[in-house]
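The values are calculated or read from the model by the stated rules, or taken from the named source; none is laboratory data. Since this is a predicted model, take the numbers as computed values, not measurements. Note that we place each Cβ from the backbone using ideal geometry, even for glycine, and neighbour counts take in every protein chain shown.
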Amino acid sequence: MAGIHTVDARGLSCPHPAMMTREAIVRQGSGTIEVLVDTATSRDNCARMAEANGWSVETEQSREGGFRLVLRK
């Protein structure tokens, strides 16, 4: 699948961001996925789940608050 798939989970509480991220990982299989969350807990849960499924994770804090995760496989 070409391009970057974005999962916008801002405003959602756990476990929804991790569930949405897992769905994107299963659907895409490989490539790049951008995940947007607004809490450190969601960031950590999404990152752990992605890494457990063999994806590399880069995180950055956004200026508006919240976090952007870039998952690659």
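Output the residues belonging to the range 50-70 that are closer than 18 Å to Gln28 by Cα, part of a loop (DSSP other than H, G, I, E, B) and of a type in the set (Gly, Ala, Ser).
Answer for the range 50-70, where residues must be closer than 18 Å to Gln28 by Cα, part of a loop (DSSP other than H, G, I, E, B) and of a type in the set (Gly, Ala, Ser): just Gly54.
Select from the range 28-48 the residues that are more than 13 Å from Arg68 (Cα to Cα) and of a type in the set (Lys, Arg) and list them in ascending order.
Arg48
Among the residues of the range 10-27, count how many are more than 11 Å from Leu69 (Cα to Cα) and either modelled with pLDDT under 95 or touching a helix residue (DSSP H, G or I) at 6+ places or on another chain (Cβ under 8 Å) (or both).
8
For Glu23, indicate whether it is surrounded by 12 or more Cβ atoms within 10 Å (Cβ to Cβ), assigned to a helix (DSSP H, G or I) and among the acidic types (Asp, Glu). It would help to see each step written out before you state the result.
Values: surrounded by 12 or more Cβ atoms within 10 Å (Cβ to Cβ): no; assigned to a helix (DSSP H, G or I): yes; among the acidic types (Asp, Glu): yes.
When the stated conditions are applied, Glu23 does not pass them.
Among the candidates Arg72, Arg43, single out the residue that is surrounded by fewer than 17 Cβ atoms within 10 Å (Cβ to Cβ), modelled with pLDDT of 95 or more and not hydroxyl-bearing (Ser, Thr, Tyr).
None of the other options fit; the residue is Arg72.
Applying the selection to the range 39-61, what residues are more than 17 Å from Cys14 (Cα to Cα) and either touching a residue at least 12 places away in the same chain (Cβ under 8 Å) or touching a Phe, Trp or Tyr at 6+ places or on another chain (Cβ under 6 Å) (or both)?
Of everything in the range 39-61, those that are more than 17 Å from Cys14 (Cα to Cα) and either touching a residue at least 12 places away in the same chain (Cβ under 8 Å) or touching a Phe, Trp or Tyr at 6+ places or on another chain (Cβ under 6 Å) (or both) turn out to be Asn53, Gly54, Trp55, Ser56, Val57, Glu58, Thr59, Gln61.
From Glu64, Glu34, which residue is more than 8 Å from the chain's Cα centre (by Cα) and either touching a residue at least 12 places away in the same chain (Cβ under 8 Å) or surrounded by fewer than 12 Cβ atoms within 10 Å (Cβ to Cβ) (or both)?
Glu64
Do you know which of the residues in the range 6-19 that are aliphatic (A, V, I, L, M) and surrounded by fewer than 17 Cβ atoms within 10 Å (Cβ to Cβ) is nearest to Gly54 (Cα to Cα)?
Initially, the range 6-19 is screened for residues aliphatic (A, V, I, L, M), giving 7, 9, 12, 18-19.
From the residues that got through so far, the ones that are surrounded by fewer than 17 Cβ atoms within 10 Å (Cβ to Cβ) too are 12, 19.
On the way: Leu12: 25, Met19: 16 Å.
Only one residue fits best here, namely Met19.
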